[in-house]
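The values are calculated or read from the model by the stated rules, or taken from the named source; none is laboratory data. In this text the structure is predicted, and so the values were computed from the model without any measurement. Glycine gets a Cβ as well: all are built from the backbone with ideal geometry, and neighbour counts include every protein chain shown. Just so you know, the surface numbers come from the protein's heavy atoms only, side chains and all, with ligands and any DNA or RNA stripped out. Shrake-Rupley method; radii C 1.70, N 1.55, O 1.52, S 1.80 Å.
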Amino acid sequence: MQNNINLGLFVGQNLLTLKEVDSTNNFLKNLLSNSKPVPEGTVIMAESQYAGRGQQQNQWHSEPGKNLTFSLLLKPTFLNAQNQFDLTRAISMGVYDALEPLLGEQLKIKWPNDIYYGDKKLGGMLIENLIQGSQIKNSVIGIGINVNQENFPADAVNATSVKQILHADYSLKVLLSEICRHIEAYYLNLKAEKIEFVRKTYLSRLYWLNELKRFKTNGEIFEGTIIAVKENGLLTIKSNNGTEAEFSLKEIEFLNKI
């Protein structure tokens, strides 16, 4: 594996770059299934990923060599499985903090862990946790960020990229370095039990927080306001008739398509 001294203290210190792979998450999980130990913080980066997945089995469209598509191994054995959404919060904010100096206040985290600029999707992640007893043994975190891609397929609704926003190319290596550094910082906050800090910061950066918007659940459209995210990650929405309800990922749709 290649070493890259510009990344985090341990996140990204073991960096393996692949020309092409079906999915960096699959590659990393296969690596873990071998007998040789894989160091925490290992990053698998692909120039081309032909079977990348997002949440709910969505395809991730990425033009080879133009975007960041990578997976990261963490071993958050200190985190109870009941609190695994705190890891989602930490990873989302690590990506947010890497991009915010570039892109500014229009950057938001769309619950649970998509990265949005305005009403357009800039990136997302797929976190796969291996639970052992009540602890998380391994977490394989796949991250995709649209960086230098300018054109997207018609079915990639709402997609945007750093280049479309800045009208200039941006270094993939520099951005990877920043993401690794910031993810590591939030991860160490979790390890130091600064849970409330992580939860409050995540909520403050949430897309549509405290805004009256349209949602869809069980085939019905309603207007409501995101007011909270529960400890376990459920989204709390207050409808315009004053009632509050909690939703999991598959139970709610944001009607934000442009």
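The figures follow:
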item	result
Qualifying residue in the stretch 202-218 (condition: touching a residue at least 24 places away in the same chain (Cβ under 8 Å) and part of a helix (DSSP H, G or I))	yes
Meets criteria (under 30 Å from residue 39 (Cα atoms) and modelled with pLDDT of 95 or more) for residue 224	no
Number of positions in the stretch 32-49 that are farther than 23 Å from residue 65 by Cβ and of a type outside the set (D, E, K, R)	8
The stretch 247-258 - residue that is in contact with a strand residue (DSSP E or B) (Cβ under 9 Å, 6 or more places away or on another chain) and over 17 Å from residue 211 (Cβ atoms) and, of those, most open to solvent (accessible area, probe 1.4 Å)	251
Residue count for the stretch 211-246, restricted to those that are over 24 Å from residue 83 (Cα atoms), of a type outside the set (Val, Ile, Thr) and open to solvent by 30 Å² or more (accessible area, probe 1.4 Å)	13
Unmet criterion (only one of (1) closer than 23 Å to residue 105 by Cα; (2) at pLDDT 95 or above; (3) open to solvent by less than 20 Å² (accessible area, probe 1.4 Å); (4) in contact with a strand residue (DSSP E or B) (Cβ under 6 Å, 6 or more places away or on another chain)) for residue 179	(4)
Qualifying residue in the stretch 108-116 (condition: at pLDDT below 95, open to solvent by less than 70 Å² (accessible area, probe 1.4 Å), under 28 Å from residue 209 (Cβ atoms) and outside any loop (DSSP other than H, G, I, E, B))	no
Some residue of the stretch 127-135 being open to solvent by less than 50 Å² (accessible area, probe 1.4 Å), over 24 Å from residue 38 (Cα atoms) and not β-branched (Val, Ile, Thr)	no
Leading residue by the ranking (nearest to residue 123 (Cα to Cα)) among those in the stretch 93-103 that are open to solvent by 20 Å² or more (accessible area, probe 1.4 Å) and not charged (D, E, K, R)	96
Residue match in the stretch 52-68 (condition: at pLDDT 90 or above, closer than 23 Å to residue 206 by Cα and open to solvent by less than 50 Å² (accessible area, probe 1.4 Å))	yes
Some residue of the stretch 183-202 being open to solvent by 60 Å² or more (accessible area, probe 1.4 Å) and either in contact with a His (Cβ under 8 Å, 6 or more places away or on another chain) or under 23 Å from residue 144 (Cα atoms) (or both)	yes
Odd one out for residue 258 among (1) modelled with pLDDT under 95; (2) assigned to a strand (DSSP E or B)	(2)
Pick from the stretch 167-201, criterion assigned to a helix (DSSP H, G or I) and among the small types (Gly, Ala, Ser), ranking: farthest from residue 241 (Cα to Cα)	177
Condition met for residue 72 (under 20 Å from residue 179 (Cα atoms), touching a residue at least 60 places away in the same chain (Cβ under 8 Å), of a type in the set (A, V, I, L, M) and in a strand (DSSP E or B))	yes
